[in-house]
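Worksheet: the structure to be examined is printed underneath.
The values are calculated or read from the model by the stated rules, or taken from the named source; none is laboratory data. Quick caveat: nothing in here was measured; it's all calculated off a predicted structure. Reconstructed Cβ throughout: ideal geometry from the backbone, glycine too, with neighbour counts over all protein chains shown. Ligands, DNA and RNA are excluded from the accessible area calculation, which covers all protein heavy atoms including side chains. Shrake-Rupley method; radii C 1.70, N 1.55, O 1.52, S 1.80 Å.
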Amino acid sequence: MRSELRLTLESARPRSSLNEETVADSGARMQHLLLLFGALLLLVFCRVVQLELTQGEGFRGVAARPLEKSRPLVGTRGRIVSRDGVVLATDGRIASLAVHYRYLEDPPNTRWLRRQARARVRPDDPQRAARLMAEQSWVREYRDTLVDQLARLCGRPIDDLQAEQGKIQKRVRAIAAAVNRARDQRQQLSAGAQSLSAWQTWATAAPSWLFAADDPRVAPRIIVAEELDYHVLVPDVPLEVIAEVESHPEQYPGVRIVEQSGRHYPRGALAANLVGHLGMADEIAGAPSADSASPAASEPQDPRRSERLTEKLVGRMGLERQYERELQGRDGLVVDFTDHSGRWLSSRRQAEPAAGADLVLTVDARLQQLVEERLDRALAMADRSDAVVHSAAGGAVVIMDVHSGAILASATAPRFNPNAFARRDTAAIERLLADPAHPLFDRATKMAIPPGSVFKVVTALALLAEPGFDPWATCDCQGYLSRPDRERCQIFRRFGVGHGETDLSTALARSCNVYFFQHAAQLAPARLADWALRLGFGRASGVDLPGEASGFVPHTLPSRADEPTWKLVDTQAFAIGQSRLTATPLQIARLMAAVANGGTLVTPHVVACGAEANAHGTFYPPAATNHPIQGLNSEQLAVVRRALERVVEDPEGTAYAALADTGLAVAGKTGTAETGARTADHAWFAGYAPADAPRAAFAVALEHRGSADRAAALAKELVQGLEALGLLAGPAPAELVQADEP
């Protein structure tokens, strides 16, 4: 009853009195809220005043502080110098043409296009909208034709510049993707590892209680510095291009000339197979570590560091690659200071760059030049006279000191000019890569082919080590062993006659195959293989050059079920340097050095050995260890050395016609390695000089050039060159001359 009475009384109250009470209550609430907001504003104002009084000066100082941007100063790469002071590789300053990344990006960045257009139109222009559209179209058209315009200006193929443009864009996009990926990974790791307190949990969830939930937003993309920087499009541009760009900057927006440190090879292709060339590093930006077990492998990689490695030029072959760590200079760091509008203020060098160590070679540049000229001429003469020459044929020559293993000259043909890689001449590089003769292939250390009769030196030493073997016992050579169409001597193939009664010395001097065929039956093939291994075949020599071939010594037992069983005919072919036996010219020269120096297997080297480094920044690796050949005595060597002398001085010796009138005692061995019916044989000559007091050993290998007479004729010119340069007398060939300044 009371509730009904209350409702009746309230319903009887006038409506105006109810509205007045509601308004009064609302006004009171608004006053309370205004007081609350006023208190909050007062609190903020007090905080601002407090910050101004206590830290205002510091904030103003930070705001006025210039922005810092670091950039590397590339260290100078060490020189490569011959032992007679000729600079073969050096670093120099070059001018390159660089283009801002936004002018190379495809498709173009729309926000950048709008900014460029706004920068070209005045804010008070009455036709600003139309002008903005026109300027934006002009910028787009200019950037679309920029690469073609620069190609004509620099005289470079448009395809080369477009390819470089694609590489730049791919590299920058990889950096940006890696940076943003690393940011996302860090955020995920941080969100998963963070433990929130009760207050943080409430504060995080409060917005969802008070306001409607926003749509999920993706974190803004990070713009990396490489997208706002200039990138070299054409390195080493001529002076005409520099003058044109710098004299008319308004015609080339987004283009500038930058100074770089570039590699230069003053003597061009001279000793290119030894010196090598530079190229881009193999590292890929953002690639995970190869060591998956490493704790650092699971951590986000620094993509900028990886990309700096990718952009850096490193040695890709030859000494440039072998001694990359010693040659590579240490980069410095310079800090540029700019105001907040981007205007440059000053610079400070934070770390000075350091030059890499120089390499002094054992190679004599004068001898190297002579060897390459004579090798090229010998190959050219063979090309004119031979009816059947392999399309990829070439040749190699190695000359080394018999006592120290120092390489005095190492030539290969055909060759290449490493300046093409230094200039990044894409067309020239593609021609080199497509050349069927493989000019980038170092035949001196990597060409493993059958050595032919040169290997008979090894067979002779193996026979002399056999108990009861008599080197003076003779056998009758009728030109072939049992049948005229097989197992023949070269003299029978050419003249249809044999060597007659032949002992070991005569067999070596006249290169009698039949003698070694007959004695192969009493020589166990395993023993012959063992002696080949002792004398350096079938394994790398240890020369300080990358990618050396080890050659192959055939096994006497089949290693697979489908491999044929070893037979006597295999041993006979093995004994004369055929079968599956292969060796490099360097291994053959090393064999001759061992015979000449009394039985020591030397370690070949191209860089002069000595102390770890000296005060002038020249690197000298520790001297290599030479090993005496086990089981080899002076009596055996005396027989073989006398036979090798007869090869040249005996009227019936195989090299008598080519080397008898040299004017110097020379010992050596000719070799003709059969390759098949469709191509010419490989021609070899290896030896040492002077024969009575050996100083230099050498090996000449001509691919598919037929008779060994051509290799012997080339060897004659090399020996005469060695004598003319004084490398067979006087100071030891391994002694060094002070390098000239470039």
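Yes or no: residue 648 open to solvent by less than 20 Å² (accessible area, probe 1.4 Å) and either touching a helix residue (DSSP H, G or I) at 6+ places or on another chain (Cβ under 8 Å) or closer than 30 Å to residue 497 by Cβ (or both)? Yes: the conditions hold for residue 648.
Kindly establish whether residue 667 is at pLDDT 90 or above, buried (at least 23 other Cβ atoms within 10 Å of the Cβ) and farther than 18 Å from residue 401 by Cβ.
Answer is no for this residue.
In this structure, residue 459 qualifies as part of a helix (DSSP H, G or I) and either within 44 Å of the chain's Cα centre (by Cα) or of a type outside the set (S, T, N, Q) (or both). The residue list 464, 432 contains one member that is modelled with pLDDT under 95, among the hydrophobic types (A, V, I, L, M, F, W, C), in contact with a Pro (Cβ under 9 Å, 6 or more places away or on another chain) and closer than 30 Å to residue 633 by Cβ, which is 464. Of the residues making up the stretch 478-487, at least one is open to solvent by less than 40 Å² (accessible area, probe 1.4 Å), on the phi > 0 side of the Ramachandran plot, in a loop (DSSP other than H, G, I, E, B) and without any contact (Cβ under 8 Å) to a residue 60 or more places away in the chain. With open to solvent by 70 Å² or more (accessible area, probe 1.4 Å) and modelled with pLDDT of 85 or more as the only criterion, which of 169, 149, 162, 188 stands out? Sole residue among the options that is open to solvent by 70 Å² or more (accessible area, probe 1.4 Å) and modelled with pLDDT of 85 or more: 162.
Of all the numbered requirements in (1) at pLDDT 85 or above; (2) buried (at least 21 other Cβ atoms within 10 Å of the Cβ), residue 109 misses one, and that requirement is (2). Residue count for the stretch 403-437 under the criterion of being assigned to a loop (DSSP other than H, G, I, E, B), touching a helix residue (DSSP H, G or I) at 6+ places or on another chain (Cβ under 9 Å) and open to solvent by 20 Å² or more (accessible area, probe 1.4 Å): the result is 6. The strands (runs of 3 or more DSSP E) falling completely within the stretch 600-703 that include 1 or more residues that are under 41 Å from the mean Cα position of the chain (by Cα) and among the β-branched types (Val, Ile, Thr) map to 667-673, 696-702. When 181, 111 are checked against the criterion of being basic (Lys, Arg), under 20 Å from residue 253 (Cα atoms) and in a helix (DSSP H, G or I), a single residue qualifies: 111. Among the residues making up the stretch 238-251, those that are open to solvent by less than 60 Å² (accessible area, probe 1.4 Å) and out of contact with any Lys or Arg (no Cβ under 9 Å at 6 or more places or on another chain) are 238, 241, 242, 243, 244.
Here residue 625 passes the criteria (1) free of Cβ contacts under 8 Å to residues at least 24 places away in the same chain; (2) closer than 24 Å to residue 700 by Cβ except the one numbered (2). Within the stretch 442-460, the set of residues being farther than 18 Å from residue 544 by Cβ and of a type in the set (A, V, I, L, M, F, W, C) comprises 447, 448, 449, 454, 455, 457, 458, 460. Checked against the criterion of being free of Cβ contacts under 8 Å to residues at least 60 places away in the same chain, within 51 Å of the chain's Cα centre (by Cα) and open to solvent by 80 Å² or more (accessible area, probe 1.4 Å), the candidates 71, 93, 65 yield just one match: 65.
Just for the stretch 391-400: of the residues that are surrounded by 18 or more Cβ atoms within 10 Å (Cβ to Cβ) and modelled with pLDDT under 95, which one is farthest from residue 590 (Cα to Cα)? Taking the candidates together, the pick is 393.
Within the stretch 563-599, work out how many residues are in a helix (DSSP H, G or I), charged (D, E, K, R) and at pLDDT below 90.
So the count comes out to 1.
Among the candidates 104, 34, 53, single out the residue that is of a type in the set (A, V, I, L, M) and open to solvent by less than 100 Å² (accessible area, probe 1.4 Å). Walk me through it before giving the result.
On the way: 34 fails: open to solvent by less than 100 Å² (accessible area, probe 1.4 Å); 53 fails: open to solvent by less than 100 Å² (accessible area, probe 1.4 Å).
Within the list 104, 34, 53, the selection yields 104.
Against the list (1) surrounded by fewer than 24 Cβ atoms within 10 Å (Cβ to Cβ); (2) in contact with a strand residue (DSSP E or B) (Cβ under 8 Å, 6 or more places away or on another chain); (3) not polar (S, T, N, Q), the condition residue 712 fails is (1).
So residue 473 clears everything in (1) among the hydrophobic types (A, V, I, L, M, F, W, C); (2) part of a helix (DSSP H, G or I); (3) farther than 26 Å from residue 322 by Cα; (4) open to solvent by 20 Å² or more (accessible area, probe 1.4 Å) except one condition, right? Which one? Residue 473 satisfies all of (1) among the hydrophobic types (A, V, I, L, M, F, W, C); (2) part of a helix (DSSP H, G or I); (3) farther than 26 Å from residue 322 by Cα; (4) open to solvent by 20 Å² or more (accessible area, probe 1.4 Å) except (2). When every residue of the stretch 674-685 is checked against the conditions, at least one turns out to be touching a helix residue (DSSP H, G or I) at 6+ places or on another chain (Cβ under 9 Å), modelled with pLDDT under 90, surrounded by fewer than 18 Cβ atoms within 10 Å (Cβ to Cβ) and of a type in the set (Asp, Glu). Of 552, 537, all but one fail to be modelled with pLDDT of 85 or more, open to solvent by 30 Å² or more (accessible area, probe 1.4 Å) and in contact with a Gly (Cβ under 7 Å, 6 or more places away or on another chain); the exception is 552. Residue count for the stretch 488-502 satisfying the condition of being surrounded by 12 or more Cβ atoms within 10 Å (Cβ to Cβ) and either on the phi > 0 side of the Ramachandran plot or not in a strand (DSSP E or B) (or both): 9.
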